[in-house]
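Below is one structure, written out as C-alpha cells; the observations come after it.
The values are calculated or read from the model by the stated rules, or taken from the named source; none is laboratory data. Not measured: the values here are computed from a predicted model. Counting neighbours? That spans all protein chains shown, and the Cβs are built from the backbone with ideal geometry, glycine included. Please note that ligands, DNA and RNA were not included when accessible areas were found on the heavy atoms of the full protein model with its side chains. Shrake-Rupley method; radii C 1.70, N 1.55, O 1.52, S 1.80 Å.
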Protein chains: 2
Amino acid sequence: MDISSLAPGVQHFLGQAAYSELGEFESLARAVATAPNLAVKEGLSSAAGRALSKHHGLITEIRRRGHEPAVEMAPFVVSLDAFRAKTAGVNWHELLLSCYLVGGLLDDFFIRLSDGLPRDIGPRVAQLLGEDSGTDVLVHELQTAIENDQALGSQLAMWGRRLVGDTLLVARSAMPATDPTNGRAGSNESRIEPVFTELIAAHTRRMDGLGLTA
Amino acid sequence: MDISSLAPGVQHFLGQAAYSELGEFESLARAVATAPNLAVKEGLSSAAGRALSKHHGLITEIRRRGHEPAVEMAPFVVSLDAFRAKTAGVNWHELLLSCYLVGGLLDDFFIRLSDGLPRDIGPRVAQLLGEDSGTDVLVHELQTAIENDQALGSQLAMWGRRLVGDTLLVARSAMPATDPTNGRAGSNESRIEPVFTELIAAHTRRMDGLGLTA
C-alpha cells in the first residue's frame, strides 16, 4: 500500500516527527526519574537516550535544510502536548505502557509516512526511526507485573485500547484533511485505511507480547 | 597539587560518578519538560543528552570491568538523591542555575579525582567528563534573566552560594574520611584543601560569567 501521495511536506513531517520524539523522550525521562529500582532506572535511561537521539537526528535534518528547529516544531506543540498529557497515565505501569505503545506506534507511523519523502531524505529518516528503541526493559517490567497481578492486566488492557485510539487520532492529524465533499479526499481516506490496519496489527502484536488482550 | 593517593578505588569512583551524571541528566530532563519556549527546550535537550552520554560512558566502563552498573551505583543513591532534592531549586531559574553550577563543579571534581585512577582508565574517564556539556543555553538564559531583573540576580547569587556549599560537601564525601586522631588523615585534609580552592575558583568564574557575585 503506497501512501506517498498522502505524506505531508518534508518540513511538516520533520517538525512533527521531531517534536513527537521529544515528547517520547520526556515521557521516558519521567519514567527514569520515578523508576522503582536502579536496574530499571538504568535500562530506562538507555531507552530515553534512544528517543533523544532520534529527536536530535531529526533536528539535524531540519538544520541541514537551513531551517530553525524551534520554528518547525512550533505548529505541533499544542496538539502534541495535549496528547502527551492525556496519555501520561495515572501510575507507573500506565506510564510505562504509554512509553512503549505510543512510541512504537508513532515510530511505525512516521517510518511509513517517510516513504512519501524525497529520496535524499526519506530512507535516512526511516533508518533513524527504525533504530532499536531500547524498550526491552519496558517489556520485561510490564510482563512481570502483569503476570503477577491479574487486576493490573485488565486495567492495562483497557489503557492500551485507549492509547491506540488517541495515538491514531494524532497520527491521522498528520495527514491531509479529509473533506467528504471532495472526491480526492474520499479516495485518500480509502488509501489511509490499510495503513492504519497495519499499524493496529503491529500494536496488537505488542499487546499480545505483554499478555494483554488488544 | 596531586590528589592521586586520595582517590577512592576505581569501582567506588565509577559508581559514584555514574550516578552523579544520571542525577545531572534527571535535573536537565526536568528543565526540558518545563522550558518556557521551544528554542530553550531544544538547547536543554542537547545538554541533557550530553549528561546522559557521560553517564552511559561511565556505565560502559563499569561493564567493561565485569561489574553490574546497578550494584556499583547502589551505595550512592540515598546521599545523591537527597543532594539532588536539596539542590533542585524552587523555580525555573534556580533549577537552571543548579544544573549549570552543580554539573560544572562535579565534572571538575571527578576529572580531578580521575588523576588517581589507573592509567588504563583514568585518562579515558577524564576525557569523557571533560566533553562539552552543551550548557551555553543555560548560561544565555540565566544571563538574560539576571540582566533584566536585579532582584532575581540577588536571589540567584544567594542560591549559587548555597549550591557550592552543598556540592563541596557531596564531593568531600567521595574522598577518604578524615579522622582528626589520625595523622595521615590530617595530612590528607591539607592536601584536599588546594583542590577545593581550585574547584571554588572555577565556580567563581562561572558565577562571574553570569553576572553574579560568588
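For A:GLU72, are the conditions met, namely being surrounded by fewer than 21 Cβ atoms within 10 Å (Cβ to Cβ), modelled with pLDDT of 95 or more and not aromatic (Phe, Trp, Tyr)? It would help to see each step written out before you state the result.
On the way: surrounded by fewer than 21 Cβ atoms within 10 Å (Cβ to Cβ): no; modelled with pLDDT of 95 or more: yes; not aromatic (Phe, Trp, Tyr): yes.
The answer is no for A:GLU72.
Would you tally the residues in the stretch B:29-43 being open to solvent by 40 Å² or more (accessible area, probe 1.4 Å) and either part of a helix (DSSP H, G or I) or among the charged types (D, E, K, R) (or both)? Don't jump to the end; show me each part of the working.
Residues of the stretch B:29-43 that are open to solvent by 40 Å² or more (accessible area, probe 1.4 Å), as a first pass: B:30, B:33-34, B:36-37, B:39.
After this cut, where a residue has to be either part of a helix (DSSP H, G or I) or among the charged types (D, E, K, R) (or both) as well, the list is B:30, B:33, B:39.
Number satisfying all stated conditions: 3.
Working carefully through the options B:VAL139, B:VAL170, find the one that is within 18 Å of B:LEU28 (Cβ to Cβ) and modelled with pLDDT under 95. Let's see the steps before the verdict.
On the way: B:VAL139 fails: modelled with pLDDT under 95.
After applying the criteria, what remains is B:VAL170.
Could we say that A:ALA85 is surrounded by 19 or more Cβ atoms within 10 Å (Cβ to Cβ), of a type outside the set (Lys, Arg) and not in a loop (DSSP other than H, G, I, E, B) here? Talk me through it step by step, then tell me what you get.
Details: surrounded by 19 or more Cβ atoms within 10 Å (Cβ to Cβ): no; of a type outside the set (Lys, Arg): yes; not in a loop (DSSP other than H, G, I, E, B): yes.
The answer is no for A:ALA85.
Would it be correct to say that B:ARG30 is more than 27 Å from B:VAL137 (Cα to Cα) and either at pLDDT below 95 or of a type outside the set (Asp, Glu) (or both)? Spell out the reasoning first.
Numbers: more than 27 Å from B:VAL137 (Cα to Cα): no; either at pLDDT below 95 or of a type outside the set (Asp, Glu) (or both): yes.
Judged against the criteria, B:ARG30 is not a match.
Across the stretch A:89-114, which residue is farthest from A:VAL137 (Cα to Cα) among those that are open to solvent by less than 20 Å² (accessible area, probe 1.4 Å) and of a type in the set (Gly, Ala, Ser)?
A:SER114
State the number of residues belonging to the stretch B:80-112 that are within 14 Å of another protein chain (Cβ to nearest Cβ) and either touching a Ser or Thr at 6+ places or on another chain (Cβ under 9 Å) or at positive phi (or both). Walk me through how you get there before you give the answer.
Filtering the stretch B:80-112 down to residues within 14 Å of another protein chain (Cβ to nearest Cβ) leaves B:80-81, B:84-85, B:88, B:95, B:99.
Going one step further and asking which of them are either touching a Ser or Thr at 6+ places or on another chain (Cβ under 9 Å) or at positive phi (or both), we end up with B:80, B:84, B:88, B:95, B:99.
Summing the residues that are within 14 Å of another protein chain (Cβ to nearest Cβ) and either touching a Ser or Thr at 6+ places or on another chain (Cβ under 9 Å) or at positive phi (or both) in the stretch B:80-112 gives 5.
Take B:ARG205 and tell me if it is modelled with pLDDT of 95 or more, surrounded by fewer than 20 Cβ atoms within 10 Å (Cβ to Cβ) and out of contact with any strand residue (DSSP E or B) (no Cβ under 9 Å at 6 or more places or on another chain). Spell out the reasoning first.
Working: modelled with pLDDT of 95 or more: yes; surrounded by fewer than 20 Cβ atoms within 10 Å (Cβ to Cβ): yes; out of contact with any strand residue (DSSP E or B) (no Cβ under 9 Å at 6 or more places or on another chain): yes.
So B:ARG205 fits the description; yes.
Among the residues of the stretch A:44-73, which ones are in contact (Cβ under 8 Å) with a residue 24 or more places away in the chain, part of a helix (DSSP H, G or I) and more than 9 Å from every other protein chain (Cβ to nearest Cβ)?
A:LEU44, A:ALA47, A:ARG50, A:ALA51, A:LYS54, A:GLY57, A:LEU58, A:GLU61, A:ILE62, A:GLU72
State whether the residues of the stretch B:116-123 include one that is crowded, with 19+ Cβ neighbours inside 10 Å and either away from chain A (no Cβ under 14 Å) or over 19 Å from B:LYS54 (Cβ atoms) (or both). Give the derivation first.
At the first step, the residues of the stretch B:116-123 found to be crowded, with 19+ Cβ neighbours inside 10 Å are B:117, B:122.
Then keep just the ones that are either away from chain A (no Cβ under 14 Å) or over 19 Å from B:LYS54 (Cβ atoms) (or both); that gives B:117, B:122.
Yes - at least one qualifying residue is present in the stretch B:116-123.
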